[in-house]
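Structure, as structure tokens:
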Protein chains: 4
Amino acid sequence: MSKHVLAQNQYGKAENRIVKVTRKGGDGSWHEIRDLNVSVALRGEFRDVHLTGDNANCLPTDTTKNTVYAFGKEHGIESPEAFGILLARHFVSSQAPIREAQIRIEEFAWERIPVPTRKEQHSFVRKGQEVRTAQITYSETTGLQVVSGLKELTVMNSTDSEFHGYIKDEYTTLQEAYDRILATKVTARWAHSALAADDAGHDWDRSYRKVRKHLLEAFAETYSYSLQQTLHQMAERVLDHCPRVNEVRLNLPNKHHFLVDLEPFGLGNDHEVYFAADRMYGLIEGTVHRDGVQPVIATSDWITA
Amino acid sequence: MSKHVLAQNQYGKAENRIVKVTRKGGDGSWHEIRDLNVSVALRGEFRDVHLTGDNANCLPTDTTKNTVYAFGKEHGIESPEAFGILLARHFVSSQAPIREAQIRIEEFAWERIPVPTRKEQHSFVRKGQEVRTAQITYSETTGLQVVSGLKELTVMNSTDSEFHGYIKDEYTTLQEAYDRILATKVTARWAHSALAADDAGHDWDRSYRKVRKHLLEAFAETYSYSLQQTLHQMAERVLDHCPRVNEVRLNLPNKHHFLVDLEPFGLGNDHEVYFAADRMYGLIEGTVHRDGVQPVIATSDWITA
Amino acid sequence: MSKHVLAQNQYGKAENRIVKVTRKGGDGSWHEIRDLNVSVALRGEFRDVHLTGDNANCLPTDTTKNTVYAFGKEHGIESPEAFGILLARHFVSSQAPIREAQIRIEEFAWERIPVPTRKEQHSFVRKGQEVRTAQITYSETTGLQVVSGLKELTVMNSTDSEFHGYIKDEYTTLQEAYDRILATKVTARWAHSALAADDAGHDWDRSYRKVRKHLLEAFAETYSYSLQQTLHQMAERVLDHCPRVNEVRLNLPNKHHFLVDLEPFGLGNDHEVYFAADRMYGLIEGTVHRDGVQPVIATSDWITA
Amino acid sequence: MSKHVLAQNQYGKAENRIVKVTRKGGDGSWHEIRDLNVSVALRGEFRDVHLTGDNANCLPTDTTKNTVYAFGKEHGIESPEAFGILLARHFVSSQAPIREAQIRIEEFAWERIPVPTRKEQHSFVRKGQEVRTAQITYSETTGLQVVSGLKELTVMNSTDSEFHGYIKDEYTTLQEAYDRILATKVTARWAHSALAADDAGHDWDRSYRKVRKHLLEAFAETYSYSLQQTLHQMAERVLDHCPRVNEVRLNLPNKHHFLVDLEPFGLGNDHEVYFAADRMYGLIEGTVHRDGVQPVIATSDWITA
């Protein structure tokens, strides 16, 4: 017996790569595909599994994998969120020891390769821009929570960004900037209201396109005095336009573009030639939520003191 | 003015790569190096930075970078933890708007290239095994918290692992296993007691070596009925032997090694030839802590409901 | 003095990340960007640099980096190929010891974020699909050689692929396939004729778009009996439609999609649910060139015996 | 029929991950493991496979995978080189259309976790330093060629490196250095003589350890005036001490460590605090071989003009 306390624990099969082909049209020659990476995590009554080697309460991770593929066939994949909701509910409702299930999904987008000469359409090229994400948590006690998101969406404004008026201490050497490139690789997550999560008819794909559009537009249209300000505008814009989104969290690395000093070569450089740096980088993170709502999106490695 | 609430937010310069050379011996020909990747995150009164473009409370991320390098010179790098404590305290104590600072550090270990023919020693080869980590959080209100860790430590038992007696549902096809390879890539974090964190003389390097040793030994010595059980043994062992460690969290991907079916070729395979798979993989995570202690290590992307 | 022979050697600065902003429109509010990763390799009379520590013939790699940025300002970046030609010629013509220069370039494509409400256009989102590549070699003796290319272009046909009629030996267990997914991540390189390389007015961007289009169309339109056959059709199509391209080399990993066996769950799987595997993978490589032309594109790690 | 010429082509299964457990001691409780990543490439009479969809000459890549695992059982894995020789000879000798086979292997090293309390030894931790490589080519016409190597071996001298006396042109700004850090991540390949390759009793593991030792020692002991000079010394040392090695090729990225300017903070920096940069980086490559020997190791993406 343990002298110590087993606290939060979870297990499951991670990164189940599933591609679903759906044939449409009268003769099935119009193909549609969904390409997901599905991770399962189960929480519940697993004390004996850890302490005594008794696996009676343990649904094998292999079974969770099988379930992902079988559900792809049985229920189809309408959207990452809808698919995750089905899976999360299934694990909790089918096995007593499982009290909560969290499904995390990445979706890779494809677009068609146009083949004008034929009716059959089954050729695709991976879009390769952002990765869409979804995290669905279903708990016996607290119900359903759906957090959608995206990552690896790289954006740049080649002007309309300044940075000045900041604290100068004894370690400050940074020159104030009145015209700089602002670039970042967006990781965004947004939590849906219970209304949306529990609405069987919610159009998750449409919701995704809408949030993505507002994130991009807010980034482009904000005249920025700091990446923090841009972050805030992006989150605000989503909350303003998407009534069923309650909370937005953004993780924005500042992809620095440094103006190259060309003076040694007798050349000017009026915001033309930049060096795109990798590391170190500024990292700006923040959550904005509706008033009266409890934020639910995990902050990055936050220690709850 | 925002209609919404700005909640948890933080910013700073991430991944400052610093190498510190210290010359020892009478003539300085005995070199020692520490090789760190230091990330800074500041939390505090940054509402205006986000809302109005007023940067009066903003210490630039560039300054936080400069501080890392200047502190390397001014104070040296005794250990990742000691260095992080210095930095975290500095940011909070030197600027009023900064209420909390979190320093995250990766350390890359090097060992000497033996050159028996000379007294001078300044040649090194990167050890390349695990990466040591440290996360130091200093808050104006709650004080100091130190979480040490390691990642990318890959271990394997080529026998003494079984897995059976688990739930079988309609999606279960896994065969019970009575002799299998158990392999994982360990990510571990352990939280130190306030006693250790606040002890200026604490030997963090010695503490690190001790925890690492017990993690490895517990993995090797546990006859395992599940990776959960191994996880629990590893955490227990650390708590048993390291009185100033209060809590251990482990993240253990199950690096599956599948016995290859060689029957089609007229060959047996008595636990000899394995296929080492990449994806999908089981993922087992858990926290064990001393009784009466509040766990502080963030769980992975946990949604606090 | 060395008792041995110093054979092929080269050096230079690799991975210079340069972003060039060009302002157009009467007021310069219409921005265009090119985003390159430029690597320089110099070959020539560097024997003493290696043998005696005499650097008199060594142009520092740091200088080659400076030259990339200065040329970005002085000459602009019309295309990766045109920029590489300028650089390669410069190094060889400006320093006697340098007999040959090879410039390798990756280009990252961006598209505009539409902001209908304003005339100024300076907001971009990284396209994120394939990476465009170019390799320009200029030699004092053999002149100019231009190889264009792309990588990381992932494509899939969800049907119209078969594989059967192959050799069966004692280690063969593969079942013949009459309807399978064919997916690959295309790396392509194509060598231009001297006519194209030496034509100062050659439109490299147009040429790139054309080759890319034919690669995609050939992949989509080929009813495939092997990935080798698809490779051959892709190369042929480019040679057929692009008279100034002399040679095409393709590197096509077979991104296997395995039909999941759902029978244990009482479910059929008529080419609907696939597992997308990572490793191991088939790897198909080949060169096709015009008759009478000497192939110049390096094969992958080929040992010339 | 093709109007064009099908030139160099090859195919096979890449990245077959195989782990072999060998039980020793009277009761088999002393385990030894070898952990390889094996890639197969076949060359030969594959014209019809590409042109007509006739696969009669095509041994499936799946079969080449099966062969790797079956050979692991049938023949064991004495060393990467010995295993690769067996496989390469097999493919060429067993199927008429296959004229040449190239096997490329990566080996991941493990060391034991010491468990003093028990006789059974089956616990390992991955060493994680360099990756050992081997490339074995067997051709019907030209016989056997064995190239061994290593990669990802990161080394550093914290002094005894200078760089000056180089060309200064109009783009040169680099300051001469009389004491700098020299660090690189070594990729090395070395070709064995036919005598070694054809010697069934050749001890490939011993040979590997010896070359590795001399590479490290030469790096450490060379007082360097350029990375080129260090490269040359490393290659020379191997040729001097390993009579059955005919040729060495090294690829040495210059992992720049820049001395941080701490003057703005009123601090000196006498070669103590460095910034370890990622990109851009110098890249130095070169081949040294015995006199009278034809170099066989592929240079990186060399265009044969």
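The values are calculated or read from the model by the stated rules, or taken from the named source; none is laboratory data. The shown structure was predicted, so the numbers you read here are calculated from the model rather than taken from an experiment. All Cβ positions, even for glycine, are placed from backbone atoms using ideal geometry, and neighbour counts span all protein chains on display.
Select from region A:31-52 the residues that are under 27 Å from B:Val245 (Cβ atoms) and in contact with a His (Cβ under 7 Å, 6 or more places away or on another chain) and write down the one among them that is surrounded by the most Cβ atoms within 10 Å (Cβ to Cβ).
So, considering only residues that are under 27 Å from B:Val245 (Cβ atoms) and in contact with a His (Cβ under 7 Å, 6 or more places away or on another chain), the one surrounded by the most Cβ atoms within 10 Å (Cβ to Cβ) is A:His50.
Which one of the conditions (1) surrounded by fewer than 21 Cβ atoms within 10 Å (Cβ to Cβ); (2) within 16 Å of the chain's Cα centre (by Cα) does C:Ala191 fail to meet, given that it meets all the rest?
(1)
Within region C:215-253, can you find the residues that are assigned to a strand (DSSP E or B) and either outside the structural domain of C:Val288 (by TED's automatic domain parsing) or among the charged types (D, E, K, R) (or both)?
Passing the criteria: C:Glu247, C:Arg249.
Within region D:46-86, track down each residue that is touching a helix residue (DSSP H, G or I) at 6+ places or on another chain (Cβ under 7 Å), of a type in the set (Asp, Glu) and over 30 Å from D:Ser207 (Cβ atoms).
Scanning region D:46-86 gives a single hit, D:Asp54.
Return the residues of region A:175-188 that are surrounded by 16 or more Cβ atoms within 10 Å (Cβ to Cβ) and assigned to a loop (DSSP other than H, G, I, E, B); say none if nothing qualifies.
A:Arg180, A:Ile181
From (1) over 26 Å from A:Glu120 (Cα atoms); (2) under 19 Å from the mean Cα position of the chain (by Cα); (3) polar (S, T, N, Q), pick out the condition that doesn't hold for C:Thr172.
Of (1) over 26 Å from A:Glu120 (Cα atoms); (2) under 19 Å from the mean Cα position of the chain (by Cα); (3) polar (S, T, N, Q), only one is false for C:Thr172: (2).
Scan region C:83-107 for residues that are among the aliphatic types (A, V, I, L, M), assigned to a helix (DSSP H, G or I) and under 28 Å from D:Gly165 (Cβ atoms) and jot them down.
C:Leu87, C:Ala88, C:Val92
Does region A:32-48 include one or more residues that are under 21 Å from the mean Cα position of the chain (by Cα), assigned to a helix (DSSP H, G or I) and either modelled with pLDDT of 95 or more or farther than 19 Å from B:Ile284 by Cβ (or both)?
No, because not a single residue in region A:32-48 is under 21 Å from the mean Cα position of the chain (by Cα), assigned to a helix (DSSP H, G or I) and either modelled with pLDDT of 95 or more or farther than 19 Å from B:Ile284 by Cβ (or both).
Quick check on A:Leu59: is it within 13 Å of chain B (Cβ to nearest Cβ), buried (at least 20 other Cβ atoms within 10 Å of the Cβ), more than 27 Å from A:Lys127 (Cα to Cα) and out of contact with any Lys or Arg (no Cβ under 6 Å at 6 or more places or on another chain)?
In short, yes.
Find the residue count for region C:42-53, including only residues that are farther than 15 Å from D:Glu236 by Cβ and at the interface with chain D (Cβ under 7 Å from one of its Cβ atoms).
Total satisfying the criteria: 1.
What are the pairs, 6+ residues apart or on separate chains, where a residue within region D:46-69 that is on the phi > 0 side of the Ramachandran plot and assigned by TED's automatic domain parsing to the domain that holds D:His90 has its Cβ under 6 Å from a residue that is of a type outside the set (Gly, Ala, Ser) and not in a helix (DSSP H, G or I)?
The qualifying pairs are D:Gly53/C:Tyr225.
Restricting to region B:145-163, what's the tally of residues that are surrounded by 17 or more Cβ atoms within 10 Å (Cβ to Cβ) and part of a strand (DSSP E or B)?
Summing the residues that are surrounded by 17 or more Cβ atoms within 10 Å (Cβ to Cβ) and part of a strand (DSSP E or B) in region B:145-163 gives 13.
Go through region B:130-157 and give me each residue that's over 16 Å from B:Ser193 (Cα atoms), of a type in the set (Ser, Thr, Tyr) and more than 7 Å from every other protein chain (Cβ to nearest Cβ).
Scanning region B:130-157 gives B:Thr133, B:Thr141.
What number goes with the only condition from (1) part of a helix (DSSP H, G or I); (2) over 30 Å from C:His75 (Cα atoms) that A:Ala191 does not pass?
(1)
Identify all residues within region C:194-214 that are in contact with a Ser or Thr (Cβ under 9 Å, 6 or more places away or on another chain) and not in a loop (DSSP other than H, G, I, E, B); write none if there are none.
C:Ala196, C:Trp204, C:Asp205, C:Ser207, C:Tyr208, C:Val211 - these are the residues of region C:194-214 that are in contact with a Ser or Thr (Cβ under 9 Å, 6 or more places away or on another chain) and not in a loop (DSSP other than H, G, I, E, B).
Just name the residue that is farthest from the other protein chains (Cβ to nearest Cβ) out of those in region D:219-235 that are of a type outside the set (S, T, N, Q) and surrounded by 21 or more Cβ atoms within 10 Å (Cβ to Cβ).
By that ranking, first place goes to D:Met234.
Which residue pairs have Cβ atoms under 8 Å apart, sit 6 or more places apart or on different chains, and have a first residue in region C:281-297 that is outside the structural domain of C:Ser226 (by TED's automatic domain parsing) and a second that is surrounded by fewer than 22 Cβ atoms within 10 Å (Cβ to Cβ) and part of a strand (DSSP E or B)?
Cβ pairs passing all conditions: none.
Count, please, the residues in region D:108-135 that happen to be within 18 Å of D:Val211 (Cα to Cα), outside any strand (DSSP E or B) and not aromatic (Phe, Trp, Tyr).
Summing the residues that are within 18 Å of D:Val211 (Cα to Cα), outside any strand (DSSP E or B) and not aromatic (Phe, Trp, Tyr) in region D:108-135 gives 3.
Among the residues of region B:115-134, what is the count of those that are in contact with a helix residue (DSSP H, G or I) (Cβ under 8 Å, 6 or more places away or on another chain), surrounded by fewer than 18 Cβ atoms within 10 Å (Cβ to Cβ) and of a type outside the set (A, V, I, L, M, F, W, C)?
2
Just wondering, is there one or more residues in region D:89-107 that are within 13 Å of chain B (Cβ to nearest Cβ), over 19 Å from D:Ala196 (Cβ atoms) and touching a residue at least 60 places away in the same chain (Cβ under 8 Å)?
Yes; the residues of region D:89-107 include at least one that is within 13 Å of chain B (Cβ to nearest Cβ), over 19 Å from D:Ala196 (Cβ atoms) and touching a residue at least 60 places away in the same chain (Cβ under 8 Å).
Could you list, in sequence order, the residues of region D:62-82 that are more than 9 Å from every other protein chain (Cβ to nearest Cβ), of a type outside the set (A, V, I, L, M, F, W, C) and in a helix (DSSP H, G or I)?
Once the filter is applied, which keeps residues that are more than 9 Å from every other protein chain (Cβ to nearest Cβ), of a type outside the set (A, V, I, L, M, F, W, C) and in a helix (DSSP H, G or I), region D:62-82 yields D:His75, D:Pro80, D:Glu81.
If I ask for residues that are touching a Phe, Trp or Tyr at 6+ places or on another chain (Cβ under 6 Å) and surrounded by 18 or more Cβ atoms within 10 Å (Cβ to Cβ), which ones from region B:19-30 would you list?
Matches in region B:19-30: B:Val19 only.
Conditions (1) within 11 Å of chain D (Cβ to nearest Cβ); (2) crowded, with 22+ Cβ neighbours inside 10 Å; (3) more than 30 Å from B:Thr172 (Cα to Cα); (4) modelled with pLDDT under 95, marked per residue:
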| site | (1), (2), (3), (4) |
| --- | --- |
| C:Leu252 | yes, yes, yes, no |
| C:Lys255 | no, no, no, no |
| C:Asp261 | no, no, no, no |
| C:His271 | no, no, no, no |
| C:Asp278 | yes, no, no, no |
| C:Leu283 | yes, yes, yes, no |
| C:Val288 | yes, yes, yes, no |
| C:Ile297 | yes, yes, yes, yes |
| C:Trp302 | yes, no, yes, yes |
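Could you tell me whether region A:5-21 includes any residue that is under 15 Å from A:Tyr138 (Cβ atoms), more than 7 Å from every other protein chain (Cβ to nearest Cβ) and within 25 Å of the chain's Cα centre (by Cα)?
no
For A:Arg112, indicate whether it is surrounded by fewer than 18 Cβ atoms within 10 Å (Cβ to Cβ), touching a strand residue (DSSP E or B) at 6+ places or on another chain (Cβ under 7 Å) and farther than 30 Å from C:Lys127 by Cβ.
The answer is no for A:Arg112.
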